[in-house]
Amino acid sequence: MRVDIDGVTEIVGLAAEFDWTGSKEDLGRFCEAARWTIIESWPLGADIATDLDIDRPEGHAFFGGGRLSYIAFEVSDLLSKEQSGDGTLSRACFDDLSDSLFRELGEPDYGVRRTETSYFRWDLPKVVIFANCRSRYNSIRLVERSYQEKQDFIDKHIIGRRDEI
């Protein structure tokens, strides 16, 4: 399983410093700065080709209410169910990636290390960055601040998931 640690760290650093406005235009501006390509766009999102050195260098953007909600992209190869086994390989790659992200972004605001799923979250002034580990792959999500605030409100007050906010 490959994880493009250098490429991901560069993109996450770019996202942390990017001038996010929350508009749909952010997607094109960010993709241009990241040297990514928007493959297809529709009213509620877009498919993206990243330049990460992995077997499926792709991502997706999602829009809501005329704004960019978030960009999600894979940062590692995708393992088959047989290859993923108990997730040990994916977690080992995620640990290496996390070390690099900690150096780039500092300690996360939230995080969970579990045997099944691990994630870290950085609440930055203009973007919320999530790093996620699944048994078959690792991913990053760049979330627009006001969208994440709405999601946090729903999680805390409606769903009752206070432990992960």
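Couple of notes before you dig in:
- Considering the conditions (1) touching a Leu at 6+ places or on another chain (Cβ under 6 Å); (2) surrounded by fewer than 20 Cβ atoms within 10 Å (Cβ to Cβ); (3) under 19 Å from R29 (Cβ atoms), D47 is excluded by exactly one of them, (1).
- Residue list for segment 119-164, filter: closer than 23 Å to L97 by Cα, surrounded by 15 or more Cβ atoms within 10 Å (Cβ to Cβ) and either acidic (D, E) or at pLDDT below 85 (or both): D123, R134, S135, R136, Y137, E144
- Hey, A16 more than 13 Å from N138 (Cα to Cα) and surrounded by 14 or more Cβ atoms within 10 Å (Cβ to Cβ) or not: yes
- Among the residues of segment 30-52, just one is in contact with a strand residue (DSSP E or B) (Cβ under 9 Å, 6 or more places away or on another chain), within 18 Å of L14 (Cα to Cα) and among the charged types (D, E, K, R), namely D51.
- Out of K24, K81, one residue alone is surrounded by 15 or more Cβ atoms within 10 Å (Cβ to Cβ) and more than 15 Å from V127 (Cβ to Cβ). It is K24.
- Qualifying residue in segment 54-62 (condition: modelled with pLDDT of 95 or more and either small (G, A, S) or at positive phi (or both)): yes
- Selected residue (only one of Y110, Y70 is over 23 Å from F30 (Cβ atoms) and of a type in the set (F, W, Y)): Y110
- Long-range neighbours under 7 Å by Cβ, at least six apart or interchain, first residue over 20 Å from A131 (Cβ atoms) and at pLDDT below 95 within segment 16-42, second assigned to a loop (DSSP other than H, G, I, E, B) and aromatic (F, W, Y): none
- Test: residue in segment 82-95 that is within 18 Å of the chain's Cα centre (by Cα) and β-branched (V, I, T): no
The values are calculated or read from the model by the stated rules, or taken from the named source; none is laboratory data. Since the structure is predicted, the reported quantities are computational estimates derived from the model, not experimental observations. Cβ atoms come from the backbone with ideal geometry, glycine included; neighbour counts cover every protein chain shown.
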